[in-house]
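One structure coming up, written as C-alpha cells, with questions to follow.
Each reported figure results from applying straightforward, stated rules to the coordinates on display, with no laboratory input. Note that the structure is a prediction, hence the values are computed from the model and not measured. With ideal geometry, Cβ positions are generated from the backbone for all residues, glycine too; neighbour counts draw on all protein chains shown.
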Ligand SMILES: [Zn+2]
C-alpha cells in the first residue's frame, strides 16, 4: 500500500450551487502509471486514482476544486466537472466490462472503508446512491452511450447529491465503471457492520432494500417526484402492515431524496397525500427532525 502525490490540473472552482457528489470512473488500463500518462496526454485529471488490488492511492487534486475527467459539451448540462459544492472524481484501476478487474469484494470494501467513506464524511457527501448501476457490454443494452437508460438529465444531475458513476453523467457517453458492486462499497463506507443495532433498527434495515427498490424501481425516465410518489405508496403499505414501524427510521430512508435536492415541500405534500392524517403528522415531525440534524 502506498499513497503518493502526483499533482495534476484542475478545472478551477466549483460552481457552488449546493449539490455534493462523488463520482467513480474506471481507468481502462492496468495500473496507475498508465492512467496518469493518459491524464497528461488529455488533461483529464481526476482527484484521485486508486488501485484497489494493490491498495495504492495517487492524489492529484485537493477535494474542493473541480477535476477534469468528465466531458462538458457547449450547450449541454450547464456544468459537469464543476457542478455543485463538491464533486470528487475517482479513477479506479481496471476495466468497466469486467468489474472483477477493479477489485475483489474485499478490495471494494477496503476502498469504501478507507478511501470513499472518510473523503465523503469530510466533504459532506451523503454515502448513498439513488441511481441504477448497469453493466458495460459490447452490444446494447449497455452503460455506454448517451441514451443508456440510467444517465441523468442536466436537471437531475444538478440536483443529485450522493455517489454515482461516469455512466450517470449528462453530456457524456462513457459507461464506466460498469456494474461495480456499489452497495458493497457504500456499506463498507458507512461502516454498516461496525455498529451494534437495536431491534427497531435491525427491522428498519431489513426494509431498506424494499424501500430502495420502490424509490428506484427501474425508474428510467421518470422524475424524482414520480419515484417519490411510488415510494410513499409503498411505505404506506409497509406502515399499514407493520403498525409499530418507527417513523423516524422511515424518514431516514427518505433523507437521500432531500439530500438529492428534492424540495422538502414536495416531499411533505406527497406524504400528506399518501398517509392517513395521524401518521402523516408523525411522519412529517420525524422528517423535520431528521432534516434539522
Ligand atoms: Zn470515466
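Report the extension gain between residue 106 and residue 13 in nm, rounded to one decimal, defined as 0.36 nm multiplied by the number of residues separating them, less their alpha carbon distance.
30.0 nm
Run the numbers for residue 73 and residue 34: contour at 0.36 nm per residue of separation, minus the present Cα-Cα distance, in nm.
Full extension from residue 73 to residue 34 adds 11.4 nm.
In what order do 34, 143 fall by count of nearby beta-carbon atoms within 10 Å, going from fewest to most?
Final ranking by Cβ density, sparse to dense: 34, 143.
So if each residue of separation counts as 0.36 nm, and I subtract the Cα-Cα distance between residue 59 and residue 5, what length gain in nm does that give?
19.0 nm
Post the alpha-carbon centroid distance, the range 1-31 to the range 93-145, in whole angstrom.
So the two Cα centres are separated by 14 Å.
So, by mean Cβ neighbours within 10 angstrom, what's the order for 146-155, 122-131 with the highest one leading?
122-131, 146-155
Answer rounded, prolate or oblate for the range 56-178, using the Cα gyration tensor with square roots of eigenvalues a ≥ b ≥ c: rounded when a/c is under 1.5, else prolate when a/b is larger than b/c, else oblate.
oblate
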